[in-house]
Each structure stands twice: as C-alpha cells, then as structure tokens.
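Take a look at the structure set out below.
Read-outs throughout are calculated quantities, based only on the coordinates presented, and are distinct from any laboratory measurement. For clarity, every value in this text was computed on a predicted model and none was experimentally measured. Don't worry about glycine lacking a Cβ; one is built from the backbone with ideal geometry, like all the others, and counts go over all protein chains shown.
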Amino acid sequence: MEEWLHMSLLLEAHRPLGIPTPRPKRHTKRTSRQCAYIKSLDANHMVTTGIEGFGLDAGSDGSYPYTYSEGTNFTALLSIPDIDFGTIHLYPNSWGEALSWGSSWVSTHGAACASIGKPCILEEFGATSDQCANEAPWQATSLNTKGIGADMFWQYGDTLSTGQSPNDGNTIYYGTNTFTCIVTNHVAAIR
C-alpha cells in the first residue's frame, strides 16, 4: 500500500440510475463508514470522495449542478473527518451550462473548501469546443482561488502508431496549440 498517494472512494458517486429520490444524507453516512474503514487499515494514506461537486448551497446560482438532485451534498461529504481533501469536476457542456459559468463553479467550491479547512482539487474539467479560450480561464481561477490546490484537465491524448488515441470531445492532444495553451502555459503559470 506504500506505492499509492491516495484512494478516491467512488469516482463520480451520485444517485444511481433508477433511484427516483436523491438521498444525500444516506450517501454521506455510507461514505463516512467507508472512509473510517479505510483509515482503520491505513491511517497514513489520503482519502477523497472523487465526486463532481454537486449539492452545494453556499454561492449557489440555483442551477442544476448546485442542487442535490444527484444525491450528494458537497460540504457534508467534505466535512467527514476521514476525508483528507475534496474533488470537483467541471463539464458545463454536459451539465447544460454556459462555458463562461465554469469559473464561478471553481470559485464557489474553493470557498467551501477553504471554509471547511480542507484543500480541493479541480480533478477533471473539459470543454468540447475552443478549449483554450474556455478552459484557460478555469485554470487561472483555480490558481487564484483559496481552497483549490491543483487542477487536472480531462483528458490527455496522443498520436500512436495506430493513429490518435480516443477522443471523448474533451481530449487535449500532445503537440497541438491547445496542448501548449492548456498544459505548457499553465505549468509556466504555476511556477
């Protein structure tokens, strides 16, 4: 167990399909029990939820991603004592939001993380069009927001001997102008 940095409990854990009623309290209790069990086995490794950030009241604009309709409560989950850091995702295209909405999503979650006293990571983000113009501002917000400790784009792509790796619409291909903007320029800004 010494070779891994952290355990992400349930990547994108939210209300299962077919369950008509969101149950954030039940989800939080179950997550708390799972975290306690993991920490009982190895208290030295970090644990996070792997959630998108759905279910947040503070700073909410009332849009779907801020609601509890997916069965998660961001601040309740982040407040679990055995959770070491939080995660958020950002996919405005998939969530029915304008791409310009993304920076406010990052800043409101950063404020919640700072308030709870735990760092958060913008663990995944993507736009399906004009990635540099849309994603670079999210990265800048991430860098300048208290409570956000890092960000990671989704997803890396490369040209292989068989052609380009799969593209889910959010892929950033190595050697492209978009890669320079989202990866190279962002790394330089971090330094």
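Tabulated data
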quantity	calculated
Debye, to nearest 20: dipole size of segment 6-190, +1 on Lys, Arg Cβ, -1 on Asp, Glu Cβ	820 debye
Net length gained if the chain between ASN185 and ASP42 were fully extended (0.36 nm per residue, minus Cα distance)	47.7 nm
Sequence-distant residues sharing a close amide H with LEU56 (under 5 Å, placed H)	THR67, PHE74
Residue-by-residue Karplus 3J(HN,Hα) for segment 166-176, coefficients 6.51, -1.76, 1.60, Hz, glycine and proline x	x, 10, 8, x, 10, 5, 10, 8, 4, x, 9
Among 48-55, 143-150, 156-163, 65-72, the order from most to least packed when residues are scored by Cβ within 10 Å on average	48-55, 65-72, 143-150, 156-163
Antiparallel DSSP beta bridges within the chain, percent to nearest 5	15 percent
Radius 15 Å from Cβ of THR176, net charge of other residues (Lys, Arg +1; Asp, Glu -1)	-3
Dipole of the chain, positive direction: furthest Cα of ILE190, THR128, ILE116, with charges on the beta-carbon	ILE116
Cysteines without a disulfide-compatible neighbour (Cβ-Cβ under 4.7 Å), the chain	CYS35
Segment THR162-SER115, extension gain: residue separation times 0.36 nm, minus the distance between their alpha carbons	12.1 nm
